[in-house]
1. When the residues of segment 49-72 are narrowed to those that are small (G, A, S) and under 26 Å from L124 (Cβ atoms), which ends up farthest from the ligand (Cβ to nearest atom)?
2. Across segment 141-162, which residue is modelled with the highest pLDDT among those that are surrounded by 12 or more Cβ atoms within 10 Å (Cβ to Cβ), in a loop (DSSP other than H, G, I, E, B) and out of contact with any Ser or Thr (no Cβ under 7 Å at 6 or more places or on another chain)?
3. Which numbered condition in (1) exposed (fewer than 12 other Cβ atoms within 10 Å of the Cβ); (2) assigned by TED's automatic domain parsing to the domain that holds L45 is the only one that L87 fails?
4. Any residue in segment 221-239 that's more than 14 Å from I210 (Cα to Cα): show its pairings with residues that are among the hydroxyl-bearing types (S, T, Y) at Cβ separation under 8 Å, as long as the two are six or more apart or on different chains.
5. From the list L183, L175, which one is in a loop (DSSP other than H, G, I, E, B) and out of contact with any strand residue (DSSP E or B) (no Cβ under 7 Å at 6 or more places or on another chain)?
Amino acid sequence: MDLDLVFVGTSGSVPTAQRAPSSLLLRRGGERLLFDCGEGTQRQLLRSSVGLIELQEVFFTHFHADHYLGLPGMLKTFALRGRDAPLTIYGPRGLKELVGALRRVFGKLTYPVELVELRVGDVLARDGYDLTTFPVAHRVESLGFVLVEHARPGRFDVETADALGVPAGPERGRLQAGEAIELVEGRDLIVHDNIVSMRTTAGLRRVDVIYRRVDDDFLDPLAFRTDSHLGVAGLLNAYRAGNVSLANAIGREIIEAGLVNVWLTNTLKP
Ligand SMILES: [Zn+2]
C-alpha cells in the first residue's frame, strides 16, 4: 500500500513568493485526505502533479485564517464544475460556525457538504487504518491527526521458525499476530544453590514454574542419565527443595490433556 505526503503549503501566517500557507495532502492507496486548506491551496494542487482532484474529505487542525482561507474558493470551484459527489469536512469545535459564516462567500453548492466536529481522542475507523486525534499546544483549540495502520500479519517463515526451535503450536500463531514469545531451552536454565534461574540479556532471572515437554529421563542428567546432554543439571534437587514447581509434574502424563484432566477432576469434584 503506497503512503505519502504532498506538502501543498508550508508557510505560516502569510504566503511568500515561494510558499503557500498550510496544507498537506495525504495519499494512501487510492485515498486522498487533505489536511488544512490555506489560501491558494487549489492553485497549488493545480500546479502540482496531483491536480485539483475531487477531494472527498478535508480535515482542519484549527481555525486560524492561514489554515482555512483556501476552503471557500475550492468549494466554489467544485460547484462550478457541477460536482455532485458529497464532501465531508472534519475539524475541532467551531467548524459548523465557521463554515456557516463562510456560506455567504461560497454561496450555493451543487453537492452536499457534511460537517463533523471532532474532539481530542476521537478515532475514525477506516479500512486498514485508524485516524486518531491528539491534543497539540496552540493558542486556539487544535487537533493533531495520526494515521495508525492496522497490523498486517505477514507470511510466516516456517524455515526460520524451525531453525530457531519455535515449537509447532500456538506460539507460532502468537508470533504471526505480532506478539512476542519467550523461548527457553534447557541450556538457558542453570541451577545454583537449588534455585533455578534463566539466562536473559538482562542477566539471570529466577524461574518459579517450569512446564516440561521432555520425558522424565531427560529432565535432570544428574538424577537420571549422566550421559545425557539434555535436561538441567540439579533441577530435581531444586524441585525437592520446593524452589521450583513443575507444571505437569514428574511421573505424570506429559501431554497437556493429562494435566487438564487432573485439574478438571480436582476442581469439579462435588
Ligand atoms: Zn495557528
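The values are calculated or read from the model by the stated rules, or taken from the named source; none is laboratory data. Quick caveat, the model's predicted, so the values are computed rather than measured. Don't worry about glycine lacking a Cβ; one is built from the backbone with ideal geometry, like all the others, and counts go over all protein chains shown.
1. Across segment 49-72, the extreme among qualifying residues is G51.
2. Out of the qualifying residues, it is E141.
3. Tallying (1) exposed (fewer than 12 other Cβ atoms within 10 Å of the Cβ); (2) assigned by TED's automatic domain parsing to the domain that holds L45, L87 fails exactly one: (1).
4. Pairs that qualify, where the first residue is more than 14 Å from I210 (Cα to Cα) and the partner is among the hydroxyl-bearing types (S, T, Y), are P221/S228.
5. Values: L175 fails: in a loop (DSSP other than H, G, I, E, B).
Step by step, each of L183, L175 is checked, and only L183 is in a loop (DSSP other than H, G, I, E, B) and out of contact with any strand residue (DSSP E or B) (no Cβ under 7 Å at 6 or more places or on another chain).
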